[in-house]
Amino acid sequence: MSDVLQCGRVLEMLPQWADGELSADEESWLNGHVGECSECAATLAEFTALDGQLTGWGQLMARRNLPSREARERLVARLMPPAHVWNIRWMPAGAAALAVAIVLAAIVPPRPAAIMKREETPMVAIPYLPPLDPRENATIVRMNLRVGTLLAMGYKMSADPDRVVPAEVLVGEDGRAHAVRLVGSSN
Amino acid sequence: MADEGTAKVAKAVPADPSQVETLRRFDELREPLRRYLLCAGAGPADADDAVQETFLKLYRHLKKNGDPENLCGWVFQVARNYLRDERKSAQRQRTISLEHTDAFADPRGSPEHRALGQERARRLSAAIEKLPQQQRECMLLRASGLRYSEIAEILGIQLSSVGAVVNRATARLREDLA
């Protein structure tokens, strides 16, 4: 093989050499040629120096600008279809029904407190998990959760993230939590 | 009697394959893509936005049964276009410039070490900016932490040709950084 062809081969091998992807034979040939050819030795040295600078530059930029931890959760939430879309055609009817309900609530005397149903907040679906199948046997588990955990699940609330609050978690047959709600006076 | 495990699988909600593939690609490419954008001059907030928008577009692309070939290259191309479009705003351009300068400082070293590192990075960045497109892309993709085989795939060239591209870029950078 002529010198020109051999030097050309070195150039072709450089990327794989830099990534440690050359076979033992190829590496041995490259080292042998570079030991004899000062031009290729200089090329290899320059390539190595630039490669090191580029890699170091990228690492420096990444260290200096850490990614936000919630980026994945944010993307998952945006990939999920909206849970419910209001149909604007039904808004006037909804508003009228709400007005009637308010009037009735004002004129009908409230029942005694002892027989009132316990007030419950609705379950909030955890956005990055598929919804439960209607036929699935889900279980509600009561547990104490950190506010930070609830926020990560997509629960909207303003409280100290380290505070622990009682909550009910809807657990599917797969053992994963699919929805959550606060209970008691922690709302 | 039906097997309990089979019944459970039958009831499970099928996952959206486009969503699964998008998240898999996100986990794989998010960090190099972010580095690429930062090295290309984006500020941290713009880089995060570009990553989000890119993977949303990838999801829509997969959902519409778009071309599944070279998705890695597709992702970097979309991110690059997003960044270019964002830069058209003069206000944003000023923001990028300020953030970019600040981003070169490594907070861990001494002030002198930081200043030297900042200067070296600034000169390298400016020199890379002046390279022809293919060489510039190759340098930025390498800085993002990708292997040369991945870079070859993204650029749509043979791995054996990448060495020649880098060699030409090295010669130009040597002159510029001398």
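The values are calculated or read from the model by the stated rules, or taken from the named source; none is laboratory data. What you are looking at is a predicted structure, and each value in this text was computed from that prediction instead of being measured. So basically every Cβ, Gly included, is an ideal-geometry build from the backbone, and we count neighbours across all protein chains shown.
List of remarks:
- Residue in segment B:8-23 that is closer than 19 Å to B:L146 by Cβ, within 14 Å of chain A (Cβ to nearest Cβ) and at pLDDT 90 or above present: no
- Within segment B:91-131, the set of residues being surrounded by 12 or more Cβ atoms within 10 Å (Cβ to Cβ) and at pLDDT 85 or above comprises B:R123, B:L124, B:S125, B:A127, B:I128, B:E129, B:L131.
- Some residue of segment A:36-54 being more than 13 Å from chain B (Cβ to nearest Cβ), surrounded by 14 or more Cβ atoms within 10 Å (Cβ to Cβ) and of a type in the set (G, A, S): yes
- A count restricted to segment A:26-35 and to residues that are surrounded by fewer than 14 Cβ atoms within 10 Å (Cβ to Cβ) and not hydroxyl-bearing (S, T, Y) stands at 3.
- Long-range neighbours under 7 Å by Cβ, at least six apart or interchain, first residue in contact (Cβ under 8 Å) with a residue 40 or more places away in the chain within segment B:152-178, second of a type in the set (D, E) and in a helix (DSSP H, G or I): B:L155/B:E137
- Residue check, B:R136 over 21 Å from A:L60 (Cα atoms), more than 10 Å from chain A (Cβ to nearest Cβ) and surrounded by fewer than 18 Cβ atoms within 10 Å (Cβ to Cβ): no
- For B:E175, the criteria (1) surrounded by fewer than 20 Cβ atoms within 10 Å (Cβ to Cβ); (2) under 16 Å from B:L37 (Cα atoms); (3) at pLDDT below 90 hold in every case but one, which is (2).
- A:P109 within 27 Å of A:R72 (Cα to Cα) and at pLDDT below 75: no
- For segment A:55-75, residues that are at the interface with another protein chain (Cβ under 7 Å from one of its Cβ atoms) and in contact (Cβ under 8 Å) with a residue 40 or more places away in the chain total 0.
- 1 or more residues touching a residue at least 12 places away in the same chain (Cβ under 8 Å), at negative phi and in contact with a His (Cβ under 9 Å, 6 or more places away or on another chain): qualifying helices (runs of 4 or more DSSP H) within segment B:11-88: B:17-39, B:71-86
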